[in-house]
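Laboratory data are not the source of any read-out in this text; all were calculated from the coordinates shown. Because the structure is predicted, anything quoted here is derived from the model rather than measured. Note that we place each Cβ from the backbone using ideal geometry, even for glycine, and neighbour counts take in every protein chain shown.
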Amino acid sequence: MTFLSSDFSFEDLHTAEGLERLDKTFLNYLEEGNTSLAFRLRTARQKPPSSLEESALLLDLSPYVEDFLSAFFSIEKEVAHLQAETHGLAPLYRCKRLFIQRQAVKSFSKEEALAFKGPQLREELEKFMGEPFSDLTFAGHVLRALEEKDQDFLDTAKQYAAWALHQEHPSRLFRLPRKIIPEALISLEQKDGVLSSPHRLQRKGFDCTDPGVTLEDALDQAHYCIICHPQTKDSCSKGLSEESKGCPLDQKISEMNVLRTQGYVVGALAVIMVDNPMVAATGRRICNDCQQACIFQKQDSVDIPSIETQTLESVLNLPWGVELYSLLSRWNPLNVKKPFPKPSSGYKVLVAGMGPAGFTLAHYLLNEGHTIVAIDGLTIDPLEKEILEKPVRDWSSLKQPLSQRKTMGFGGMAEYGITARWDKNYLILIRLLLERRNQFSLYDNVRLGETFTLPQAFELGFDHVALCLGTGKPNGLDIKNNLARGVRMASDFLKALHLRETTQKESLANLQIRLPILVIGGGLTAVDTATEALAYYPFQVEKFLKQTETLGGLPASLSEEDAILAEEFLGHARALRQGDLSCLNKASTIVYRKKIQDSPSYRLNAEELDLSLREGVVFLENAAPHEIRLDSYGHIESLVIETPEGQQTLSCRTLLVAVGTLPNTFLDEEASDLKIEGEETLLSYQGEKKVSFLGDLHPIYSGNVVKAMASAKKGYPHICEALVRTPPSSSASFISLGGTNA
C-alpha cells in the first residue's frame, strides 16, 4: 500500500495517536486548498453547527475528503474513472426529467402510445442519430434537439418514448414511478384457495439471490430524490410521522444523494458513515424504514437502501477499498463531533452478544477509548492472521459464493437468521473493523448466565456490562400434538440450515424436511423460512440420491418408515433431475390468521413477500391452526385449520412455526436486583455499577437489524456518561471467561 506520507504505517491507522496525526495532515491539506472551508470545519468542531449548516459544510467538504483519500491510497485514476462514469450517465437523467416526464408522458394517452410502432420508430431514430440506438445515445440526441429546437427529431422521439413507457419491461430511461395502492402493493392471483404470484423466478441453490443494483439504477434513484434537506423536510431520515419514523440511524440520506449525483462516491460513503459506520450491515434487502418514510407516499419511494449499498460496493471494489472503508470507520473528517478515536480511557466493558447491537456498540465504545471484551455463545472461527495484520488490496479476495462460504459464527441474526437475499460476506468487514483494534478481544462459546454470572463479571474487573443478547425464545403453538415429529420452530430451522452448513455440497451435516411444508406466521421470519425451506428441499433430495447412488442402492436394513421416506425422497429427486418440478408446486405455504394485507411482512417489507411468492411460495390467509394430526409413526401428517368457512385439513409433513418470540428473560432470571434508571438503556447494579440492555432486549429497538444497531448508537453515550462517574477498575482478568479467544 502506498500512503500519502511515509510517516504513516498500516498500524498507525489503527491507533488513536496515528489517526490524530492523520487528521492534522488532512487539516493542513485543506488549509492549503481552501482556507475558508478549513476555518468553517475548525469552527464546527468547536461549536456544533445547526443541521442546515452542517449539511452545507459536509457537501462542500466531501470533494476534498475524496481527493485526499484518493491520493492517500494512490487510487486517483480509479476514483476519477468513477466520477467520469457518473458524469457520462448524466444525460440519461436530464433527458428523463426534461423530456420523458415533461413531454412524452403528457402528449399521448396509453391507448395512443401503444398504437405506435416502436421498432419502426427506433429505426427512424437511428437514421436521425447516425449511430446504433441506446438509452444514452437517445438521451444525448434528445438534449441536443431540445437546444436546437429540432422538432422533427423530437416528434419521432416523443412517439417512441411514449410507446416505450408502456412496454412490459421498460429500460431505466423509460421506467417511471408507479402509483402506490396500499391494498395492492404486490401482484397476486388466487387459485384453489391460495394466493400466489403471477410472476415466477426459478431459484437455484444458496448463492446470494440478489445481485444488487447497477450504477445506472442507483444514480436514477439518487436523481429521483427531490433533495429536501435544505427545507428540513428530509422525512426519510427524520421521519414522516409517529408511525413512520424514518432511518433508525438518522443517516444523512438527502446529502448522500446529492454527492452521488455529483459523482463523489467516496464522499457519499463518508457522509453515510457519519451516522452509520457499520454500513456493511445495512442497506439493500436489510432495511427499508427510510423508504417507508420517504416524502413520496403516493408513488414509488426512492430506493435508498440500494443507493447506499451500491455506494459501498463501488468503494470496496476500488484498489484498497476495504482499507478505505475501514479507515473511515475510525477517522472521518465529516464527523465534526468525533473525527477520530479518543486515547485509551482505562475503562473495560464486557459486551455480551456479537449480533448487530453488540458489534455496533463495540465499535462506538472502541472509538471512545474503552477496552472491549466481547463474548458470544456460538463457536466463532478465527480470521486468518494475514488479513488481520496486512492491508487488503482487493475486496474480491475476501468474498466467496454463499454456497461455498464457511459459516464463521459471527454476527448473531445477521449470520443465521437472514437468508441468501443478503450477501453475508459483509460480515467479514465488520469483524475486520473490530478485531484489528488492539483494545478489542473476542471470546466464543461463552454465555453470560451459564459460563459465569453477572456478579462474577464485575468481580473480574469490568466497569460495565452491556447486554446484547438478542431475541428470547420463539412462541410455540398451543394446539394438540404441537411437539410432534416434523414440527419445529422457524428460528431453529434457520439456525440449523445456516450454522451447520447443510446447504453446502461437501457438508456431512443433514437437516431433514418433507413436503408439503407449512409455515405458520406472517412476518419476515415466516417469509424467509418458507423461501429457504422451498429452496433447500431440492438440494436435500438430490444430495440423498447421490449418496444412494454412491452406495449402490438403499441398505436392506431400513425400517419400514425409513424405506417409505427414502423412496419419497428418491422419487422427487429423480423427477427434479428430469426437469419435472411438479412436486414443488404449492410445496411451501405460509399460513396466516388474517388477510395478507394485515401481515407484518406485507406492511413492513412487501418487496420481500413479493419475491418469496415469485420463487414459488404460496400464501393462505384467514387460517388459524387448530390441531396437528399424526400418521401411524407419530409424524405430522396434516394440520387442521379454522377458516371463515369452517374447519379444513391441510396435508403437511413439515410444520415450521414463526409466530413471534417471548421477551428475553435474562434480566429477570439472572439480574433480579437490577433497577431501571432514567436513561433509556441503563440499569443500576450494586450502586455505581451499571448494566445496559440493547437490541431485542429493549422494547423500543427490538424487531430488526437496523433498530438493534440504532440502540447501540443511541445507547453508547449513556454508557460513557455512567462510566466516568467512577474511576476505572485497577485490573481485569479475562482468563476466567472460559471459551476460546476467537
From the residues S241, F206, A222, which one has its Cα farthest along the dipole of segment 194-253 in the positive direction, the dipole being from +1 and -1 charges on Cβ of Lys/Arg and Asp/Glu about the Cα centre?
F206
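Quick one: how many lysine pairs in segment 526-671 have C-alpha atoms under 26 angstrom apart, if they're 8 or more apart or on different chains?
Details: K543/K586; K546/K586; K586/K594; K586/K595.
The number of close lysine pairs in segment 526-671 is 4.
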Taking a quarter of the surface of the Cα convex hull of segment 515-564, what do you get in nm²?
4.4 nm²
Calculate for the chain the 222 nm mean residue ellipticity that helices alone would give, adding -39,500 (n - 2.57) per DSSP H run of length 4 or more and normalising by residue count, nearest 500 deg cm²/dmol.
-13000 deg cm²/dmol
Separation in nanometres of the label points that stand 7 Å from Cα toward Cβ, at H81 and A484
6.1 nm
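Rg to Rh for the chain: what is it, with Cα atoms only and Rh by Kirkwood?
0.99
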In percent, how large is the relative contact order of segment 81-176, given Cα pairs closer than 8 Å and 6 or more residues apart?
41 percent
What does the highest-first list of 482-492, 374-384 look like by mean Cβ count within 10 Å?
374-384, 482-492
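Lys and Arg at +1, Asp and Glu at -1: add these up for the other residues within a Cβ distance under 15 Å of S651 and post the number. Please report the intermediate quantities before stating the final value.
Numbers: positive: R514, K586, R629, R653; negative: D192, E568, E627, D631, E637.
Result for the neighbourhood of S651: -1.
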For the chain, build the charge dipole from Cβ charges (+1 Lys, Arg; -1 Asp, Glu) around the Cα centre, then report which of A414, F539, Y701 sits farthest towards its positive end.
Y701
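Quick one: of K191/K505; K24/K390; K179/K233; K96/K298; K338/K473, which pairs are farther than 32 Å apart, Cα to Cα? Kindly include the intermediate steps, with their values, before the conclusion.
Working: K191/K505 36 Å; K24/K390 25 Å; K179/K233 21 Å; K96/K298 20 Å; K338/K473 38 Å.
Where the Cα-Cα span goes over 32 Å, the pairs concerned are K191/K505; K338/K473.
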How much net charge surrounds Q291 when only other residues with a Cβ under 10 Å from its Cβ are counted (Lys, Arg +1; Asp, Glu -1)?
-4
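What is the magnitude of the charge dipole of the chain about its Cα centre, with +1 placed on the Cβ of each Lys and Arg, -1 on the Cβ of each Asp and Glu, and no other charges, expressed in debye to the nearest 20? Let's see the in-between values first.
Details: 79 positive and 98 negative charges, 115 e Å.
In total the dipole reaches around 560 debye.
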Partner lysines whose C-alpha sits under 17 Å from that of K127, ignoring same-chain residues fewer than 8 away, are K117, K158
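Using the per-residue mean of other Cβ atoms lying within 10 Å as a proxy for protection, in what order, highest first, do the peptides 559-572, 246-259, 274-287, 585-598 fall?
Values: 559-572: 14.6, 246-259: 25.6, 274-287: 23.2, 585-598: 19.8.
My ranking of the peptides, most packed first, is 246-259, 274-287, 585-598, 559-572.
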Per 0.36 nm of contour for each residue apart, how much would the distance between L554 and D152 grow if the chain were fully extended, relative to their Cα-Cα spacing?
137.2 nm
Using a Cα-Cα cut-off of under 16 Å, which lysines could be cross-linked to K690, ignoring same-chain neighbours fewer than 8 residues away?
K348, K675
Taking Cα pairs closer than 8 Å and at least 6 residues apart, the relative contact order of the chain in percent is 15 percent
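Show me the ranking of peptides 32-39, 140-147 by mean Cβ neighbours inside 10 Å, starting with the highest.
Numbers: 32-39: 12.9, 140-147: 17.6.
Most protected by this proxy first, the peptides run 140-147, 32-39.
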If we count every other residue with Cβ under 10 angstrom of C468's Cβ, Lys/Arg +1 and Asp/Glu -1, where does the sum land?
-2
Pop a pseudo-label 7 angstrom from the Cα along the beta-carbon direction at both Q231 and K204 and give the gap in nm to one decimal.
4.9 nm
